[in-house]
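The values are calculated or read from the model by the stated rules, or taken from the named source; none is laboratory data. Computed from a predicted structure; not experimentally measured. With ideal geometry, Cβ positions are generated from the backbone for all residues, glycine too; neighbour counts draw on all protein chains shown.
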Amino acid sequence: MKGCIIVRLEVPGVIQYRDIMLRTLSATCKLITPSARGRSSRASLFSAHLVSAVGEAYNNIALHGYAGCEPGSIKMEIEKGSDWIRVVLEDTGASFDPAQARPPDLDALPESGLGVFIMQSFVDEVTYVPGPPNILTLFKRLDEPREASPNSRRRGPAKSG
Amino acid sequence: MLFSTSAENGVTVLRIEGELDAVSVTDIRAALNTIAEGKPPRVVVDLSALRLIDSSGVGAIVSLFKAVRAYGGSLATTGVHGQPLAIFRLLRLDRVLIT
């Protein structure tokens, strides 16, 4: 599925630059909402979910991928379709396949280990190619309202060329 | 992220504004510890002005919840909406923290 790459952003791979990435993404999300009808709750939820997912991915790269070493950069590429957004994050830190993460026991009220679960639950497809560079792709479609599904599909189509 | 605390009639109110995330959570941890050490019988966390929360922020609130519960107190959040509410619902925290 091919769209239009509208954003390429590269920042130092430290946590302080997270806000720049997420604000850019949040603004991009507004481009696929039906402006004639204004910002619907569905569109707001789409943005909330995608920003959350990318935020957690960013955290993992900055705090864990680049832990204990001189951080490289984090590249973000945003591809937009008529009703979907694909976000690709690229880094040169330690590899970690999110599919290997154990689902948290929510009944135990965990205080940590929730990032990957949030990321996977809030998007429709996650793909990961370990590197270097590591390439994480998150795909989300603005579709009919549904509850975020815990541990949604972890593999998806490769990014279109 | 901005936060403030107030206490009245045995209720401690913690108001958090802006974004509670991996960047800002370190700024609030000392305040959370101070609240728990005071052992107020009831803690209300006002999130009506909170725009964004991530797993780090959730961890901080859950940690406070557990600390308060450990001495027999109660903690609840109010005003949760938008992205934080989506996070709470996913993690089933709405069942525990929202009254």
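What do you reckon, is B:G79 more than 14 Å from chain A (Cβ to nearest Cβ), at pLDDT 95 or above and under 22 Å from A:L114 (Cβ atoms)?
So B:G79 fits the description; yes.
Just give me the residues in the stretch B:52-67 being surrounded by fewer than 22 Cβ atoms within 10 Å (Cβ to Cβ) and more than 10 Å from chain A (Cβ to nearest Cβ), in sequence order.
If the condition is that a residue be surrounded by fewer than 22 Cβ atoms within 10 Å (Cβ to Cβ) and more than 10 Å from chain A (Cβ to nearest Cβ), then B:A67 is the only one that fits.
Regarding the stretch A:119-132, can at least one residue be identified that is at the interface with chain B (Cβ under 10 Å from one of its Cβ atoms), under 23 Å from B:V25 (Cβ atoms) and assigned to a helix (DSSP H, G or I)?
Yes, the stretch A:119-132 contains at least one residue that is at the interface with chain B (Cβ under 10 Å from one of its Cβ atoms), under 23 Å from B:V25 (Cβ atoms) and assigned to a helix (DSSP H, G or I).
Please work out if A:R18 is within 14 Å of chain B (Cβ to nearest Cβ), closer than 16 Å to B:Q83 by Cβ and in contact with a Gly (Cβ under 8 Å, 6 or more places away or on another chain).
For A:R18, the condition - within 14 Å of chain B (Cβ to nearest Cβ), closer than 16 Å to B:Q83 by Cβ and in contact with a Gly (Cβ under 8 Å, 6 or more places away or on another chain) - is met.
Among A:D105, A:D91, which is surrounded by fewer than 19 Cβ atoms within 10 Å (Cβ to Cβ) and of a type outside the set (A, V, I, L, M, F, W, C)?
A:D105
Determine which single condition B:L91 fails, assuming it passes every other condition in (1) within 12 Å of another protein chain (Cβ to nearest Cβ); (2) farther than 16 Å from A:I118 by Cα; (3) not hydroxyl-bearing (S, T, Y).
Evaluating B:L91 over (1) within 12 Å of another protein chain (Cβ to nearest Cβ); (2) farther than 16 Å from A:I118 by Cα; (3) not hydroxyl-bearing (S, T, Y) leaves (2) as the failure.
Give all pairs with beta carbons closer than 7 Å in which a residue from the stretch A:66-83 that is in a loop (DSSP other than H, G, I, E, B) meets a residue that is modelled with pLDDT of 95 or more and of a type in the set (S, T, N, Q); count only pairs at least 6 apart in sequence or on separate chains.
Taking only residues 6 or more apart or on different chains, the pairs are A:G72/A:T92.
Go over the candidates A:G93, A:G115 one by one and state the one that is within 14 Å of another protein chain (Cβ to nearest Cβ) and at pLDDT 95 or above.
Exactly one residue qualifies, and that residue is A:G115.
Is there any pair linking a residue in the stretch B:69-81 that is at negative phi to one that is outside any strand (DSSP E or B), with Cβ under 6 Å and at least six apart or on different chains, and which?
Pairs that qualify, where the first residue is at negative phi and the partner is outside any strand (DSSP E or B), are B:Y71/B:K39; B:G73/B:P41; B:L75/B:F65; B:L75/B:V68; B:A76/B:T99; B:T77/B:L97; B:V80/B:F88.
Here's the yes/no breakdown for (1) under 26 Å from A:F117 (Cβ atoms); (2) more than 9 Å from every other protein chain (Cβ to nearest Cβ); (3) assigned to a helix (DSSP H, G or I):
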{"position": "B:V13", "(1), (2), (3)": "no, yes, no"}
{"position": "B:V23", "(1), (2), (3)": "yes, no, no"}
{"position": "B:E37", "(1), (2), (3)": "no, yes, yes"}
{"position": "B:P40", "(1), (2), (3)": "no, yes, no"}
{"position": "B:A49", "(1), (2), (3)": "no, yes, no"}
{"position": "B:A86", "(1), (2), (3)": "yes, no, yes"}
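Is it fair to say B:V96 is outside any strand (DSSP E or B), within 14 Å of chain A (Cβ to nearest Cβ) and surrounded by fewer than 20 Cβ atoms within 10 Å (Cβ to Cβ)?
yes
Go through (1) acidic (D, E); (2) away from chain B (no Cβ under 12 Å); (3) in contact (Cβ under 8 Å) with a residue 24 or more places away in the chain and name the single condition A:E56 misses.
Condition not satisfied by A:E56: (2).
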